[in-house]
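Here the structure comes first, spelled out in structure tokens, and everything after it is commentary.
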Amino acid sequence: MLKVLSSGLAMFGLLMAASAAPTRVSGSQQQKKLVKVVKPVYPPEAKAKGVQGTVKLQAVIGRNGAVKDLKVLGGPEELVPPSVEAVKQWVYEPTLKDGEPVEVITDIDVNYTLKK
């Protein structure tokens with residue numbers, strides 16, 4: 001009975017570790033780990049209207065370095081879809097904590113400016 005109980009506790013500990021909240025990492029720290037960047041396409045309609053600005057995103061980066069989840073925090077409406085499409089394809093070096101890869105949560109700014 002004790003053996004089953006300790007196995008159950010060990011399994012519970014593994015489940016708790018697997019479901020731990022992502023580690024918060026600053027955008028500038030996480031940017032240094034980028035290994036694949038896909039640049040967003042500046043929509044021609046937005047360019048024609050002179051739309052510029054920053055799309056602010058919050059990303060969960062999985063243990064494998066892939067973008068796992070994205071949340072839009074703000075930015076010009078016309079620029080959000082291409083930003084999300086591009087950032088979904090970004091890949092980072094995995095972030096290690098105590099030698100093990102962990103999920104991280106970070107903020108990403110995608111800037112759009114028109115040349116004068």
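The values are calculated or read from the model by the stated rules, or taken from the named source; none is laboratory data. Remember, it's a predicted structure, so these values are computed and weren't measured experimentally. Because the Cβ atoms are built from the backbone with ideal geometry, glycine has one as well, and the counts that use them run over all protein chains shown.
Exactly one residue among Val51, Val55 is closer than 15 Å to Lys88 by Cα, surrounded by 10 or more Cβ atoms within 10 Å (Cβ to Cβ) and at pLDDT 95 or above, and that residue is Val55.
Checking every residue in region 54-75 against the condition of being acidic (Asp, Glu) and touching a residue at least 12 places away in the same chain (Cβ under 8 Å) gives zero matches.
Give the residues of region 10-48 that are of a type in the set (Gly, Ala, Ser) and either modelled with pLDDT of 95 or more or touching a Phe, Trp or Tyr at 6+ places or on another chain (Cβ under 9 Å) (or both), sorted by residue number. If the condition is that a residue be of a type in the set (Gly, Ala, Ser) and either modelled with pLDDT of 95 or more or touching a Phe, Trp or Tyr at 6+ places or on another chain (Cβ under 9 Å) (or both), then Ala46, Ala48 are the ones that fit.
One residue alone among Glu45, Glu78 is of a type in the set (D, E, K, R) and touching a helix residue (DSSP H, G or I) at 6+ places or on another chain (Cβ under 6 Å), and that residue is Glu78. The residues on offer are Val55, Val41, Val87, and the sole one that is within 30 Å of Lys116 (Cβ to Cβ), touching a Pro at 6+ places or on another chain (Cβ under 6 Å) and not small (Gly, Ala, Ser) is Val41.
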